Amino acid sequence: MLVVSGMTAYADVFARMHEQCFDKPWRVKDFTDLLVLPTTVGWVNARGFLLCTRVGDEMEILTIGVLPAFRRCGEGATLLRQMVLYAVEQGVQRIFLEVADDNVGARALYEKAGFCVTGCRKGYYETPHGRCDAICMTKETAP
Ligand SMILES: CC(C)(COP(=O)(O)OP(=O)(O)OC[C@H]1O[C@@H](n2cnc3c(N)ncnc32)[C@H](O)[C@@H]1OP(=O)(O)O)[C@@H](O)C(=O)NCCC(=O)NCCS
């Protein structure tokens, strides 16, 4: 598992994987703009990726994806575990994320990893079938 921070050369790797995981893929430039920031940290291997931002004692998951061929083999959980370990080592107190209300798999993944629902943003995501709520989830990392 490679940890990327400030490594904009990986922008195209993230973009190619992202388009296999999401209906609305982010462009290479989106990843370049994120990876250049000192607050961005990411994990990537041949099966999946996770990108997040850290500001002070808080982190936010920006995106996570596992290539279709490797799903339900524990990769998503491993990526999350790596990120949480990093967060604890760095003294991060809480981790935030948003997930589409109808993304059953991702919600189950996050709940299993100890994230709790803390809010809901009505109509936050635009989908081909209309607007969909974002569920806000948080994990406290402090002992
Ligand atoms: C969500 C995603 C990252 C999960 O990755 P994954 O490698 O398949 O997840 P794991 O195999 O580590 O799953 C861990 C647990 O999460 C839950 N889970 C994962 N996918 C699930 C699904 N499709 N349905 C129900 N539960 C699911 C299960 O509890 C699973 O444990 P189990 O397999 O022992 O039952 C992957 O499906 C994906 O890339 N989806 C498209 C992109 C996306 O939606 N990203 C999240 C945006 S918020």
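The values are calculated or read from the model by the stated rules, or taken from the named source; none is laboratory data. Here the structure is a predicted model, which means the values were calculated and not measured. When we count neighbours, we look across all protein chains shown, and the Cβ atoms used for this are built from the backbone with ideal geometry, even at glycine. Note: accessible area is taken over every heavy atom of the protein model, side chains too, but ligands, DNA and RNA are not part of it. Shrake-Rupley method; radii C 1.70, N 1.55, O 1.52, S 1.80 Å.
Structure notes:
- Tally, over region 63-99, of residues that are within 11 Å of the chain's Cα centre (by Cα) and under 17 Å from residue 2 (Cα atoms): 8
- Matching residues in region 46-76 - criterion: being near the ligand (Cβ under 9 Å from one of its atoms), loosely packed, with under 15 Cβ neighbours inside 10 Å and of a type outside the set (Lys, Arg): 68, 70, 73, 74
- Filter result for the condition that a residue is at pLDDT 95 or above, open to solvent by less than 70 Å² (accessible area, probe 1.4 Å) and either out of contact with any Pro (no Cβ under 9 Å at 6 or more places or on another chain) or within 17 Å of residue 51 (Cβ to Cβ) (or both), over 99, 104: 99
A quick yes/no check of all residues on (1) under 23 Å from residue 71 (Cα atoms); (2) without any contact (Cβ under 8 Å) to a residue 40 or more places away in the chain; (3) buried (at least 16 other Cβ atoms within 10 Å of the Cβ):
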site: 2; (1), (2), (3): yes, no, no
site: 13; (1), (2), (3): yes, yes, yes
site: 19; (1), (2), (3): yes, yes, no
site: 26; (1), (2), (3): yes, yes, yes
site: 41; (1), (2), (3): yes, no, yes
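- Counting only residues that are in contact with a Lys or Arg (Cβ under 7 Å, 6 or more places away or on another chain) and in a strand (DSSP E or B), region 117-143 holds 9 of them.
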